[in-house]
Structures are given as C-alpha cells and as structure tokens.
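Notes to accompany the following structure.
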Amino acid sequence: MSEAQGKETGMGVKARGRAAVVILMVLVIGVSAAGTGWAQSPYPDEPASRPGLSGTQVLATLAAAVGSFFYIPFKAAAICPGMALASGASLALNRGSRETAEYYLRVGCTGTYLITPGMIRGQEDFQGSGYPEPETSMPMTGYR
C-alpha cells in the first residue's frame, strides 16, 4: 500500500467518524423532540383560573436560577470541603475530640444548596453555611 493510499484511508475514516457523529446527533435531537409531544395538549376552552406569572415572580425565578448557578458550585467545591479540612484539623489538634470536628463539618456542609424564588422574595429562609441551630451551640471541648 502506498503512502498516498494510506492518507486517503485515514481521511476516509475521519469522514466516516464525523458522519456517524452527525447522524447520532440528529437521531438524539429527533428522539428528544418526538418524546415531548405527549406533554403538548390543546389549549383549554375556558381561561385558567390562576393568573399568569407576574413580573416579580419571573424576576425572582431568574434571580434564584442565577444565584443557584454561582452558589451551588461555591458551596459544594469551596465551603464544604474547606470546613471538612477544618474539621479534620480540629480532630487532630483536639486529640480525637469529635464534638468540635462534627460541628465544623455540620456547619460547612448543611443548609441551603439550591436558592429558590421563595427565598428571593423573603418567603423562605436561606440557611447558608453556619446557619444557627436553635438548640445547639459550638461546644468548647478540647480547650482546657
């Protein structure tokens, strides 16, 4: 086999690979578009009893989506792992005292991850990292 035939064969493989990807994409888009047809129903004859979304609701939903877009990765990739490291350091420095270490871990990894429109409108509480628990305070064990 000559060198020119080898290049043509390699280019043919690439072209077939691209064609397979395009066909697969068209197939996936077609199946996903056909799968949502059952959800589309004709408009009702009577108007809905519930009014449409107001501008405030739309803005609260948009703000919640944007806020969650930034807050979820920040909390999941920075706050929780950082407090887990602090928890481990506390465990090591306090000679195995688990109370403070568990507190740090609970403070960093619990609370709200997803911001909702109700939180934006002030109808729900945002429980961020370190949200105070009503009956628990930070134990001071290990500090003698």
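The table for this structure:
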| quantity | calculated |
| --- | --- |
| Ranked Thr112, Thr56, criterion: other C-beta atoms within 10 Å, fewest first | Thr56, Thr112 |
| Label-to-label distance, nm, for residues given as Val66 and Asp125 (7 Å Cα→Cβ offset) | 2.8 nm |
| Cut-off 20 Å (backbone N to label point 7 Å along Cα→Cβ of Ser54), residues of the stretch 96-127 | 116-125 |
| Added length on full extension, which subtracts the Cα-Cα distance from 0.36 nm per residue, Ala89 to Val22 | 18.9 nm |
| Rg to Rh, two decimals, where the stretch 49-96 supplies the alpha carbon set and Rh follows Kirkwood | 1.42 |
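Computed from the coordinates by the stated procedures, all read-outs in this text should not be read as laboratory data. All values derive from a computational prediction rather than experimental measurement. Glycine gets a Cβ as well: all are built from the backbone with ideal geometry, and neighbour counts include every protein chain shown.
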